[in-house]
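Have a look at the structure that comes next, please.
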Amino acid sequence: MTTRKTYTAEFKREAVRLSQQSDRSVVQIAEELGVSDHTLYKWRKQAEELGDLAFPGNGHVALTAEQRENQRLRKEPRAS
């Protein structure tokens with residue numbers, strides 16, 4: 001049985017920064033960091049879509065205030 005590697009949010013942010021600012025390819029950066037290029041592309045997409053909310057840790061997605069409110073309202077019982 002294999003175990004999954006976990007990476008810190010700081011590592012992911014730095015990897016994304018390197019891949020965006022370097023003149024080297026994403027594949028080269030990923031290889032140097034010891035991650036797959038698919039993983040690095042996924043991190044880049046998450047960073048682009050979520051900005052500062054990307055990589056919250058522990059597999060939980062950080063929610064915006066609006067998303068938290070929507071989640072709270074969905075959990076409340078509905079009045080008939």
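For segment 25-80, enumerate the residues that are modelled with pLDDT of 95 or more and of a type in the set (Asp, Glu).
31, 32, 37
Another question, if that's okay. List the helices (runs of 4 or more DSSP H) inside the chain, counting only whole elements, that have at least 1 residues being surrounded by fewer than 10 Cβ atoms within 10 Å (Cβ to Cβ).
Result: 9-21, 37-50, 65-75.
The values are calculated or read from the model by the stated rules, or taken from the named source; none is laboratory data. The structure displayed is predicted, hence computed values, not measured ones. Glycine gets a Cβ as well: all are built from the backbone with ideal geometry, and neighbour counts include every protein chain shown.
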